[in-house]
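Step one of this worksheet: look at the structure below.
The values are calculated or read from the model by the stated rules, or taken from the named source; none is laboratory data. Remember, it's a predicted structure, so these values are computed and weren't measured experimentally. Glycine gets a Cβ as well: all are built from the backbone with ideal geometry, and neighbour counts include every protein chain shown. Heads up: the accessible areas ignore ligands, DNA and RNA and are worked out on the full protein's heavy atoms, side chains in. Shrake-Rupley method; radii C 1.70, N 1.55, O 1.52, S 1.80 Å.
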Amino acid sequence: MTSALPPPDKTAPPPTGVEAEARAWMAYLLGAEHTPDKDKKLELWLAASPDHRRALEGLRAGWMAIAEVEGVEDILSAPARIAVPRAGRPAAPSRQRRRLVAGLLAAAACGVALIFVAPLMQTAPTEDIYLATAIGEIRTFDLSDGSRLTLDAGSEVKGRFTRDQRSLTLVEGNAYFDIARAPERPLDVRAGDVQVKVLGTQFDIRRRPAETIISVEEGHVAVTGVQGLPAVSLTGGLQVTYRTGKGFDASATFDAARSAAWRRGQLYYVDARLGDIIDDVNRYSARPITLADQTLGDLRLTMSFSVNQIEIMLAGLDEAYPLDINYTSSEIHIYSVSE
């Protein structure tokens with residue numbers, strides 16, 4: 001624990017924009033006089049932008065950190081110009097001033113948390129959420145709590161935020177979740193039989209017909225499956241696959257850059273099933289691709305391609321494997337060919 005605060009940066013420019021507004025609202029929250037009209041204005045300001053919430057939360061966190069500094073009441077109660085006593089000992093602040101500073105710190109560490117959370121959470125109306133992308137569309141959405149979701153093409157998320165809980169469901173597809181931390185309002189994400197519980201973290205869920213893959217980039221999540229299965233704890237850099245009717249595979253490390261490539265329109269596969277590759281590709285293809293021979297789905301492939309190069313990828317398959325690819329105006333069919 002440190003025993004001193006850093007000196008103020010006298011060269012720093014005065015705050016502007018959102019930062020200045022956040023400081024003004026922080027001063028209001030620390031003050032003793034609050035009015036319903038002013039509280040309503042604060043609530044509207046917070047709802048106007050996730051940046052507003054983040055700025056004010058950052059200031060609140062700073063005040064709470066100050067409260068943990070040893071001897072902070074002495075530091076904050078000292079006059080602007082400190083004269084060193086002749087006896088060589090620092091003069092103790094008066095009991096009245098110490099009580100005043102301690103009260104201010106208590107307001108910052110406790111009262112502000114309650115006042116700040118009230119307009120943010122306790123009075124927050126119930127919010128229904130529905131997000132979806134079309135075939136070939138990758139899109140990022142900003143949520144009211146400061147979280148961000150990136151949906152893969154042909155994906156769908158729905159959910160509900162209340163004052164106590166945040167719940168989302170990945171109905172189909174793939175989604176990347178960058179979740180704002182809110183311990184007083186945790187988040188759960190469902191994808192079929194799988195449920196992910198999280199406070200604030202970054203993770204990816206890919207939902208396929210026979211499996212769901214959860215990959216954590218940062219933070220920590222707890223993943224559960226059907227009733228009776230033990231929860232799987234994942235931290236940054238770990239991934240787990242849930243197989244329908246079978247349960248969880250062992251968690252393992254994964255290549256985060258490759259896992260995130262779909263957000264840039266690039267797909268990577270290492271020893272992957274052709275059936276899974278086609279399921280993914282169909283999210284970007286204007287013409288649905290089908291495997292005429294379902295045994296082709298178990299063919300294992302390693303490849304990388306852009307979502308804008310689907311036909312080039314298919315032509316490469318046609319050349320390298322005993323396959324026949326038939327194109328119509330509305331569909332693409334892949335057949336096996338006897339060697």
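For this structure, a couple of remarks:
- HN-Hα J in Hz across segment 205-211 - Karplus 6.51, -1.76, 1.60, θ = phi - 60°, x for Gly and Pro: 10, 10, 10, 10, x, 10, 7
- Rough spin-label spacing in nm, given labels placed 7 Å along Cα→Cβ, for residue 337 and residue 140: 4.4 nm
- Euclidean distance of C-alpha centroids, segment 239-289 and segment 166-196, integer Å: 19 Å
- Cut-off 11 Å between beta-carbons: net charge of the residues surrounding residue 297, Lys and Arg +1, Asp and Glu -1: -2
- Computed accessible area, residue 135, all protein chains, 1.4 angstrom probe, square angstrom: 100 Å²
- If a spin label sat at a point 7 angstrom from the Cα of residue 290 along the line to its beta carbon, the backbone N atoms of segment 310-339 nearer than 11 Å would be those of 331-334.
- Proximal charge balance of residue 189 [Cβ under 12 Å; K/R count +1, D/E count -1]: +3
- Counted charge near residue 131, where neighbours are those whose Cβ lies closer than 10 Å (Asp, Glu -1; Lys, Arg +1): +1
- Take residue 234: with every protein chain present and a 1.4 Å probe, its accessible area is about 0 Å².
- Full-stretch length increase - residue 302, residue 19 - with 0.36 nm per residue and alpha-carbon distance subtracted: 97.0 nm
- Its Cα centre serving as origin, segment 223-282 has a Cβ charge dipole (Lys and Arg +1, Asp and Glu -1) of approximately 100 debye.
- Virtual spin-label span in nm between residue 309 and residue 44, 7 Å along Cα→Cβ: 5.3 nm
- In nm, spacing of pseudo-spin labels at residue 258 and residue 165 (7 Å Cα→C-beta vector): 3.8 nm
- Averaging the sequence gap over all C-alpha pairs within less than 8 Å and six or more residues apart, then dividing by the number of residues, gives segment 138-297 a relative contact order of 14 percent.
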